[in-house]
Amino acid sequence: MSAADLSNCRAVIFGCEGTKLTAAEKKFFKAEQPLGFILFARNVENPKQLKKLVKSLRTAVGRPDAPVLIDQEGGRVQRLREPDWFEAKPLGFFGELYETDPDRAIEALRLTTRLIAADLQAAGITVNCTPCLDLHLPETVDAIGDRALAADPQVVARLGAVVAEEMLTAGIIPVVKHMPGHGRATVDSHHELPHVSTKVTELQEADFAPFKALSLLPWGMTSHIVFEDIDAEAPATQSKAVIDGVIRKIIGFDGLLLTDDLNMEALNGDLAERAKAALAAGVDIVLHCSGNLEEMKVVAAVCPKLGDKALSRIDLGNRVFDHTPPPIDTEADKARLEELLGAE
C-alpha cells in the first residue's frame, strides 16, 4: 500500500485486549484508523489463533497490509514462546560469545534471527521491535540488562546489523531501540523517569554510535529518558532538542520514529498530554500498548492524521516488501544453531 493510501490514518499504533477482537474494538479501529497494531503475550494462544487475529486486525481497518508489530527479541522479551514457536537466547548472549568467538557469534545470531523471522512470517507479522542498540554498561538497569548486546558500541553496531539484515531479508521491518540509548539508565522507565547526566560529547562517542552506524534503517523507537546535558526537563520521547538535535541530526536517522509505550510511568500527565507532547516534539507515531479501549479513545482523540513527512518515511520503509523473501529452512537452521551452540 502506498503512502498516499495511508493519508486517512492516525499517527498511532494500538494494542488490543485479548486473543480475538471484540465488536467494540472492530468498530473503534474502523472509525479511528490507527496506522497499525502491536501484539503482546496476552494476545497469543497458538499459531492458528494468532494468524486469525492478525488478519482480523487488518480487516478492521480495511488495509490488508496494515503494520502489525511485536517484540520478539529473544530472552525475556519474546511474546511467542515454546512449544509453538522458536525460543531464542537473549541478545546479550551473542555479545558475550562475540568476545571469544566473533564468527560463531555472528553465525549463531544470524540463524537465531532467521528462525524468529520464520515464526513472524507464518503469523503475518510484518514489524519486529528489535534490535536493542542500547549499551550494556555496569550501571544498566535490569529492565534492559541482557537485552543489550554489549558494552562496545562497535560490537553493538555489528551484531545489531546482523539482526536488522536478516529481518529485512525476511520482509520484516526491524525497529531500532531505544533511541538515542537506554544503557545509562539506572532505573526502570516502566516505573519511573531515568535521568542521565553524562555529557553529550561522551554520549556521541558511545551511546549514540550504534544508532548512527545503523541510521539508514527504516524504523526507530525513542527512550523515556532525560539526558540532562541536552534537555534537562523533558525525556527523549517528548524532547524537541533530543529528537531534532540528536536523533535526526547527530545520529542522522530519518526513518519513521515511534515512541516507546505511552503507558510507561516515566512519562508525566494523562495519556492525552503524553501523546501530544511526544507529537509536538517531533515523533511520527505514538505507541499505546495496553489494549484498554477507553484509554485508546483518549489517545486517538489527540492523534492527527499522518503528515507528509511520516507518509514519506512509511513509504521508504515499505520497500522491504518489494522483494520475495527467500525460503527459510527452519530444520536445517535449528540443526546448525544447535551445532554452533553445542560447541560451548
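The values are calculated or read from the model by the stated rules, or taken from the named source; none is laboratory data. Bear in mind the structure is a predicted one, so any value in this text is a computation, not a measurement. Cβ sites come from the backbone with ideal geometry, for glycine too, and all protein chains shown count toward neighbours.
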- Note on the structure: Going through the range 107-145 in order, the residues found to be surrounded by fewer than 20 Cβ atoms within 10 Å (Cβ to Cβ) and either within 27 Å of Ser189 (Cα to Cα) or out of contact with any helix residue (DSSP H, G or I) (no Cβ under 9 Å at 6 or more places or on another chain) (or both) are Gln121, Leu137, Pro138, Glu139, Val141, Asp142, Ala143, Gly145
- Note on the structure: Those residues of the range 130-161 which are at pLDDT below 95 and among the charged types (D, E, K, R) amount to Glu139, Asp142
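Give the residues of the range 260-290 that are among the hydrophobic types (A, V, I, L, M, F, W, C) and either part of a loop (DSSP other than H, G, I, E, B) or at pLDDT below 95 (or both), sorted by residue number.
Kept after step one, since they are among the hydrophobic types (A, V, I, L, M, F, W, C), are these residues of the range 260-290: 262, 264, 266-267, 271-272, 275, 277-281, 283, 285-287, 289.
Of everything in the range 260-290, those that are among the hydrophobic types (A, V, I, L, M, F, W, C) and either part of a loop (DSSP other than H, G, I, E, B) or at pLDDT below 95 (or both) turn out to be Leu262, Met264, Ala266, Leu267, Val283, Cys289.
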- Item | Matching residues in the range 299-344 - criterion: being among the hydroxyl-bearing types (Ser, Thr, Tyr) and not in a helix (DSSP H, G or I) | Thr324
- Task: Report, by residue number, each residue of the range 252-273 that is in contact with a strand residue (DSSP E or B) (Cβ under 8 Å, 6 or more places away or on another chain) and within 24 Å of Ala143 (Cα to Cα).
- Result: Leu257, Leu258, Thr259, Asp260, Asp261, Leu262, Asn263, Leu271
- Can you tell me which residue within the range 37-49, out of those that are touching a Phe, Trp or Tyr at 6+ places or on another chain (Cβ under 8 Å) and not in a helix (DSSP H, G or I), is nearest to Asn128 (Cα to Cα)? Ile38
- Per the filter on the range 218-241, residues of a type outside the set (Val, Ile, Thr), surrounded by 24 or more Cβ atoms within 10 Å (Cβ to Cβ) and assigned to a loop (DSSP other than H, G, I, E, B) are Ser223, His224, Pro235, Ser239
- How many of the residues in the range 127-167 are in a loop (DSSP other than H, G, I, E, B) and among the small types (Gly, Ala, Ser)? 4
- Given the structure, is Ala31 modelled with pLDDT of 95 or more and either of a type in the set (Ser, Thr, Tyr) or in a helix (DSSP H, G or I) (or both)? yes
- Message: Restricting to the range 325-344, name every residue that is in contact (Cβ under 8 Å) with a residue 12 or more places away in the chain and either loosely packed, with under 12 Cβ neighbours inside 10 Å or of a type in the set (Lys, Arg) (or both).
- Response: Pro326, Lys334, Arg336, Ala343
- Task: State which residue is farthest from Gln121 (Cα to Cα) when the search covers only the range 100-111 and only residues that are among the charged types (D, E, K, R) and touching a residue at least 40 places away in the same chain (Cβ under 8 Å).
- Result: Arg104
- Task: Go through the range 90-126 and count every residue that is more than 19 Å from the chain's Cα centre (by Cα) and part of a loop (DSSP other than H, G, I, E, B).
- Result: 1
- Regarding Phe28, is this residue among the aromatic types (Phe, Trp, Tyr) and touching a strand residue (DSSP E or B) at 6+ places or on another chain (Cβ under 8 Å)? no
- Message: If I ask for residues that are outside any helix (DSSP H, G or I) and touching a helix residue (DSSP H, G or I) at 6+ places or on another chain (Cβ under 7 Å), which ones from the range 182-217 would you list?
- Response: Ala206, Phe208, Leu214, Leu217
